[in-house]
Each structure stands twice: as structure tokens, then as C-alpha cells.
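One structure is given below, encoded as C-alpha cells.
None of the figures in this text is laboratory data; all of them are computed from the coordinates on show. Quick caveat, the model's predicted, so the values are computed rather than measured. Here Cβ is always computed from backbone atoms with ideal geometry, including for glycine, and neighbour counts include all displayed protein chains.
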Amino acid sequence: GAVVSQHPSRVICKSGTSVKIECRSLDFQATTMFWYRQFPKQSLMLMATSNEGSKATYEQGVEKDKFLINHASLTLSTLTVTSAHPEDSSFYICSARDIQAAKNIQYFGAGTRLSVL
Amino acid sequence: DAKTTQPPSMDCAEGRAANLPCNHSTISGNEYVYWYRQIHSQGPQYIIHGLKNNETNEMASLIITEDRKSSTLILPHATLRDTAVYYCIVRGDTGRRALTFGSGTRLQVQP
């Protein structure tokens, strides 16, 4: 299947700093990418939909000024957690759809575990 | 998207078939059934999907009942590496919306 690369896999930062997470579709183009968050023992929760060349669409309750999303090309979307606090510690997962494939399958990155001290 | 219901957990002996059920009684005619799994501390992995016919690939088989109100994912020879949370998701195939994850079934493959 298609490959979605997410980097870094793990990050530990101090409270108040910003963290950038990259999501790349390696062998396909994705006009739309998705960002999820997963807390321990819970399911994935959609945070936002990232659209290439336009503003992201955020789910209710997700602060757009705190979670900055940029989707500058058909293969790269970034999520920046600004002024991170301990409550932002979570597992962040990106996903992308292959726009040219006949099957409408979402492929997922390996995830980024963020720990804010 | 139609709601799905899955048992919270199941056990399976290594080498035996694992049959994971999913109920989706409100599924509409143009909605597909997708199965993903998430191994601990990893991103979800696509397994298989189908509309109304049974499907098989190198990972699993998907059996959809004739009325499409339920389906079963079959792992023919479960291994310890198949221990994961399995998600059954129903969604129309033409939309651009993200997949919505429920709580899934936690499959524990026992040695």
C-alpha cells in the first residue's frame, strides 16, 4: 500500500515551546491530509483536515491558533503545536488519501508521541 | 456515516482463525465497510474494505451479509503480531471526509 511518513516519531519538549510535526506522502499525491490525536486508552479523534493550498478545517473544540497546519504541497503537511503545555501531551497521527487511486483508502503515518514537560 | 458496533475485546489462539464481527444495521446503499487495525503505539493500518461482495487479500477476508447489516473480518491464521485493536468503519466512498474511529475490538492472540 501507499506510504505516509511522519517525523519525528517522538519528541520531548519544555512547556511553552513549539513543536513541528511533518507528514509526507512518499509515493502518491494528497490534496487532503488529516490530523488525529489519540490519548492513552482512547480512540483516534480527528483534529483537522488539511487542504493543499488553502486553510485547514478544524474540528469543534480544536484551537486553530494553537495547532497550526500548513499544507504547502501535494506531498507535505505540517502540524505545529504552539506554546505546548503538558495537557498537549498525546499521540499525534497524520493520514492522507491517494487522490489518483481508484480506491478511496486513507493511509496513516506511524504517529508522533509528544511529551511536554 | 452509519454507526458500527464491535465487541470490546476478543481472544484467539495462535494459528487459529480470528473472526471479528461488526454490526452496521443502518448502513446505506453507497456506504463501504472498511477495516483498519492499530498495533500498540503505531498508526492505523489499512486491512481491507468492501461494498457488498466478499473480499479477500493477502491479509484477511471480509464477509458481508446479504442484507449488509453486519460483516466479519477473518484473519485465517492468527499470529502474535496480529494482536491489535481492530476498527470497523462505514463510510461512503465518494466523500473527502476523514475516517471516524470508534472504540474497536482489542484482539489478543494467545500463544
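By the beta carbon rule, with partners counted only under 4.7 Å, chain B holds these lone Cys residues: B:12. Short-range pairs are left out: with C-alpha atoms under 8 Å and at least six residues apart, the relative contact order of chain B is 37 percent. Couplings for segment B:50-61, taken from phi via the Karplus curve 6.51 cos²θ - 1.76 cosθ + 1.60 with θ = phi - 60°, read x, 9, 9, 7, 5, 10, 9, 9, 5, 9, 7, 10 Hz in order; Gly and Pro are left as x. Residue by residue along B:37-46, Cβ atoms of other protein chains within 10 Å of the local Cβ number 6 on average.
Between the amide H of residue B:78 and those of B:15, B:16, B:17, B:18, distances stay under 5 Å, these residues lying 5 or more places away or on another chain, with hydrogens modeled in the peptide plane. Phi-derived couplings, Karplus 6.51 cos²θ - 1.76 cosθ + 1.60 at θ = phi - 60°, listed residue by residue for segment B:8-18: x, 8, 8, 10, 8, 7, 4, x, 8, 6, 9 Hz, with x used for Gly and Pro.
Could you tell me whether chain A comes out rounded, prolate or oblate from its Cα gyration tensor? Rule is a ≥ b ≥ c as square roots of the eigenvalues, rounded for a/c under 1.5, then prolate if a/b exceeds b/c, otherwise oblate. Cα axes put chain A in the prolate bin. Computed from backbone phi with θ = phi - 60° and the Karplus coefficients 6.51, -1.76 and 1.60, the 3J(HN,Hα) list for segment A:24-33 is 10, 8, 7, 10, 7, 9, 9, 6, 10, 10 Hz; x is used for glycine and proline.
For the set B:3/B:52; A:20/A:55; A:20/A:64; A:14/A:55; A:20/A:41, the pairs lying more than 22 angstrom apart at their alpha carbons are A:14/A:55; A:20/A:41.
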